[in-house]
Structures are given as structure tokens and as C-alpha cells.
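Report on the following structure.
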Amino acid sequence: METTKTITTIFIVPIFSIGKERLTNNGFVNGFIKDSRRDVQYKDSVYLLFKPEDLDKFKVFLDGEYERTKQIIDDYDYEEGYVVVVYQINSRLLPDIELVKQGKYSQTSTKFQQIFPKIIKINKNGFQKDELSLQYRVFNKTEDLKQFWEDKFDVVFDNDMEVWSGFSEDYETLDLDKIKQHV
């Protein structure tokens, strides 16, 4: 299931050190900061939406996550096989998460930025190659990313501008009905 990644998925989910492959292999859909269907929202938390193909395999993954980290504070099921796992954000990262929510990526701390890899391996035409990660490019406002946006939208970046879009609470809120419409 391919959906546009939320800012939560790109800049917050990696702080939980779950690993992209483990997420993908267990039907990860996206990460959110709220769930529109819940009356009570967990403060300083992230809601990870999964649609596992194999529930037994997912249960093994979830049990492993409960053993690996104390950051999981809830998990619950929705219709049609969707599962939500709620992770609590480490309080020492909250100032950086707030900067992400304000769209001030380049102002996040070095300690926060170091959570994300500088180099990632990508597969292109059957070959693996190293490339700068998206997060590194955004944190460091790399020239290639500036050039990409300048070419795409005919804008000119000044030093105060960030090179990634701002955080929209609407878009970062889990709305399962909307998601199911796009599947």
C-alpha cells in the first residue's frame, strides 16, 4: 500500500528505532500525531497505522516491540485489519519535535539530527547506490534540494527559508475513513 508519507513518518517515526524494513514487512501505512476517531488523545505521542497481511507475524513483531521498548503505550484494532500502535515520544526530544511541527527543520539540535542516517542505500535499476538521506538534505538545506524546488516551483530560496513543507495538523491526523477511500 503506497501512500504519501506524512511529516510524522519522515521526521518523527525514525526516533523510535524500529527500522524501515521491520515497518515495511509488517504493513506500516503511515505515522500520525492524533487519531480522529479517539475521544482522548495521548499527549506527546505518535500513532503508527499498520495493515498487516499476516496477523500472526504482526503479533510476533508487536510482542517484540513491547519487549524492545517501553515507549509503546497502547495498541488497538480497527475494521478491515487495520492496527494502530501508539508510541510515547521521549521527553528530551520534545523541543526538536516542536521545531519539526513548526517547519523549522534546520533549527533542530545536532543530537536530534544524528538519529537519522546521513547516507542511505537506494536501489536503482537493480543496483545499490549510496545517497544522502532526505532528512539530512532537509536539516542541512542542501543545494540539490533547493535546486529541485526552485526548478519545480520557480522560487528562489533565501537563507531563512526551509526546504521542506510545513506541518499541517489536519494532514498529520489519522483519519481512517479518508485512508480507506484512497486504497
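Extension gain for the segment residue 17 to residue 91, taken as residue separation times 0.36 nm less the Cα-Cα distance, is 25.1 nm to one decimal. Cross-linked pairs 43/146; 146/178; 34/129; 5/104: Cα-Cα separations exceed 24 Å for 43/146; 146/178; 34/129. Taken one residue at a time, the phi angles of the range 158-169 give Karplus couplings (6.51, -1.76, 1.60, θ = phi - 60°) of 10, 5, 7, 7, 8, 10, 9, 5, x, 8, 10, 4 Hz. Gly and Pro are set to x.
If exposed means no more than 16 neighbouring beta carbons inside 10 Å and the site is in a DSSP loop, what's the longest run of the chain without any exposed trypsin sites (Lys or Arg not before Pro)?
Values: sites that count: 5, 37, 38, 43, 70, 104, 118, 141.
Result, exposed sites excluded: 142-183.
Once R0 is set to 22 Å, what does the formula 1/(1 + (r/R0)^6) return for the Cβ-Cβ distance between residue 118 and residue 73, expressed as a FRET efficiency to the nearest 0.05?
Numbers: r = 31 Å, r/R0 = 1.40.
For residue 118 and residue 73, the calculated efficiency is 0.10.
Using just its DSSP H runs of length 4 or more, each adding -39500 (n - 2.57), the chain gives a mean residue ellipticity at 222 nm of -8500 deg cm²/dmol after division by all residues.
Quick check on the exposure proxy: order 48, 132 from fewest to most C-beta atoms within 10 angstrom.
On the way: 48 25, 132 15.
Ascending Cβ contact count within 10 Å gives the list 132, 48.
Taking the DSSP bridge list for the chain and keeping only pairs wholly inside it, about 90 percent are antiparallel.
Can you give the longest stretch of the chain with no exposed loop site, where a site means GluC sites (Glu not before Pro) in a DSSP loop (not H, G, I, E or B) with at most 12 other C-beta atoms within 10 Å? Walk me through the numbers before you get to the answer.
Values: sites that count: 2, 53, 169.
Looking at the chain, 54-168 is the longest stretch - no exposed GluC sites (Glu not before Pro) with at most 12 other Cβ atoms within 10 Å.
With the simple model of a label 7 Å out from the Cα in the direction of the Cβ, residue 156 to residue 125 spans 3.6 nm.
Just so you know, all these numbers are worked out from the coordinates, no wet-lab data involved. The structure presented is a predicted model; accordingly, all values stated were derived computationally and were not measured. Backbone-built Cβ (ideal geometry, glycine too); neighbour counts: all protein chains shown.
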